[in-house]
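Have a look at the structure below before the remarks.
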Amino acid sequence: MMDTQFETYEVFHQRKKGDPHVHVGAVHAPDAQVALQYARDQFARRLPCVSLWVVKSSDITATDYQDERFFNITLDKSYRDPKDFDAPAKEPTE
Amino acid sequence: MTAAFSQEAVKTFLLALADDELMLGHRDSEWTGHAPVLEEDIALSNIAQDELGHSLVWYTLLQQLGGNDPDAMAFERPWKEFTCCRFVTYPKGDFAYTVVRQYLFDEAEQVRLRALAHSSYLPIKEAAAKILREEAYHILHSKSLVERLGDATEESHRRMQAAVDAAFPQALGMFEQIEGEDGLKAAGVFPGNSELQLQWLHQVVPVLSGATLRVPVTEANGSLAVRVAPDTGGRRKDHSEHLRQLVDDLQAVYRIAPGARW
């Protein structure tokens, strides 16, 4: 059977200016403009929001869960960790 | 106020606005759980709620002029007492019809609200400015679907054209004259339905034509002449059986326990 589904777009949501855009989910849409509209309905109606990004899911290059070596750290590198002082959480910009 | 006008005429005007929003909102809500894609299901349900919210704004203004409370207006009136245009009472049809109807309605609401934002009648002026902000999104949604479905595939074009053929004469019924309209015009409450229809035509004809859809309108020397008879009657409470069915459905739960607190 022919696949009649639209492509998916990953949705990134920004709560307020200066905050990072955070991945919140995906929508099916015929193009990016409509994807933004659907993203607004699904992710910006109740959550406060100042900006949305949509990115075609197929445009994302990702690592493979099978490829564990990619993240492997075998030697003790704890001397690199900033563990002897408390870094304050980033202050809100507004 | 530039001229005297009857409060009855204002009430007639507000009632028509409120009833239109209520009925279209209900028809849109019939897609909840049935739209062709999940994203549209959510979008249409969202729009349905917005339209119901707009009807509440107008019913509340009516109440302030001595009318019944909004719940009574929506859930206790017999179907023959509503003054919505027939256009908003027809069954939801296929998705193409729903898209075309919503688009034609949204454009009419845009031109009406823009005019009402300059109304000489302060409560209407303030309400219009508030609703207008929400409507900007509706028009974006329905217009982008019309532009895409008009010439996407052979089937989408055929369905959209059939929808325009059916909906266009019905849509003209949105601009049916109401009683006391001349007085409201003279007083600057609103510019009158024939003026609004003209502004509406100048919005919808280029968009539909641009989407490769034929419209029954002739353009000559920059003016637009409509070639079909409008489907009027709703403002005079002359409705089809479709409204009876709609109101039965709309009021069914309320009638089980009138006045219950939820």
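The values are calculated or read from the model by the stated rules, or taken from the named source; none is laboratory data. Everything numeric here is computed off the predicted structure, so don't read it as measured data. Counting neighbours? That spans all protein chains shown, and the Cβs are built from the backbone with ideal geometry, glycine included.
Quick check: anything in region B:42-62 under 19 Å from residue A:38 (Cα atoms), assigned to a helix (DSSP H, G or I) and acidic (Asp, Glu)? Checking region B:42-62: at least one residue is under 19 Å from residue A:38 (Cα atoms), assigned to a helix (DSSP H, G or I) and acidic (Asp, Glu).
Sort through B:89, B:83, B:98 and tell me the only one that's in contact with a Lys or Arg (Cβ under 7 Å, 6 or more places away or on another chain), under 21 Å from residue B:34 (Cβ atoms), modelled with pLDDT of 95 or more and not aromatic (Phe, Trp, Tyr). Give the derivation first.
Working: B:89 fails: in contact with a Lys or Arg (Cβ under 7 Å, 6 or more places away or on another chain); B:83 fails: under 21 Å from residue B:34 (Cβ atoms).
None of the other options fit; the residue is B:98.
A Cβ distance below 8 Å, combined with a sequence gap of six or more or placement on separate chains, defines the contacts here; from region B:120-146, residues that are on the phi > 0 side of the Ramachandran plot and away from chain A (no Cβ under 12 Å) reach no residue that is at pLDDT 95 or above and surrounded by fewer than 16 Cβ atoms within 10 Å (Cβ to Cβ). Report every pair of residues separated by at least 6 positions or lying on different chains whose Cβ atoms are under 7 Å apart, first residue within region B:23-44 and farther than 23 Å from residue B:85 by Cβ and more than 14 Å from chain A (Cβ to nearest Cβ), second surrounded by fewer than 21 Cβ atoms within 10 Å (Cβ to Cβ) and of a type in the set (D, E, K, R). Listed by first residue and then by second, the contacts come to B:33/B:41.
Any residue in region A:9-35 that is farther than 19 Å from residue B:149 by Cβ and free of Cβ contacts under 8 Å to residues at least 12 places away in the same chain sitting within a Cβ distance under 7 Å of a residue that is hydrophobic (A, V, I, L, M, F, W, C) and part of a strand (DSSP E or B)? List the pairs, counting only those 6 or more apart or interchain. As it stands, the answer is A:22/A:12, since those pairs meet every condition given.
Might you check whether a residue that is farther than 28 Å from residue B:36 by Cα and either surrounded by fewer than 12 Cβ atoms within 10 Å (Cβ to Cβ) or touching a His at 6+ places or on another chain (Cβ under 8 Å) (or both) occurs anywhere in region A:21-42? Please lay out each step first, then the result.
Keep residues of region A:21-42 that are farther than 28 Å from residue B:36 by Cα, which gives A:21-22.
From the residues that got through so far, the ones that are either surrounded by fewer than 12 Cβ atoms within 10 Å (Cβ to Cβ) or touching a His at 6+ places or on another chain (Cβ under 8 Å) (or both) too are A:21-22.
Scanning region A:21-42, I find at least one residue that is farther than 28 Å from residue B:36 by Cα and either surrounded by fewer than 12 Cβ atoms within 10 Å (Cβ to Cβ) or touching a His at 6+ places or on another chain (Cβ under 8 Å) (or both), so the answer is yes.
Of the numbered conditions (1) part of a helix (DSSP H, G or I); (2) over 17 Å from the mean Cα position of the chain (by Cα); (3) of a type outside the set (Asp, Glu), residue B:119 satisfies every one except a single condition; which is it? (1) is the only condition that residue B:119 fails. Looking at (1) without any contact (Cβ under 8 Å) to a residue 60 or more places away in the chain; (2) more than 14 Å from chain A (Cβ to nearest Cβ); (3) part of a helix (DSSP H, G or I), which one does residue B:68 not meet, given that it meets all the others? Status for residue B:68: all satisfied but (3).
Kindly check whether there is at least one residue in region B:62-84 that is of a type in the set (Val, Ile, Thr) and crowded, with 19+ Cβ neighbours inside 10 Å. Yes: one or more hits.
Any residue at all in region B:19-39 that is of a type in the set (Phe, Trp, Tyr) and more than 21 Å from residue B:236 (Cβ to Cβ)? Yes, region B:19-39 contains a residue that is of a type in the set (Phe, Trp, Tyr) and more than 21 Å from residue B:236 (Cβ to Cβ). Here residue B:37 passes the criteria (1) buried (at least 18 other Cβ atoms within 10 Å of the Cβ); (2) over 19 Å from the mean Cα position of the chain (by Cα); (3) among the hydrophobic types (A, V, I, L, M, F, W, C) except the one numbered (1).
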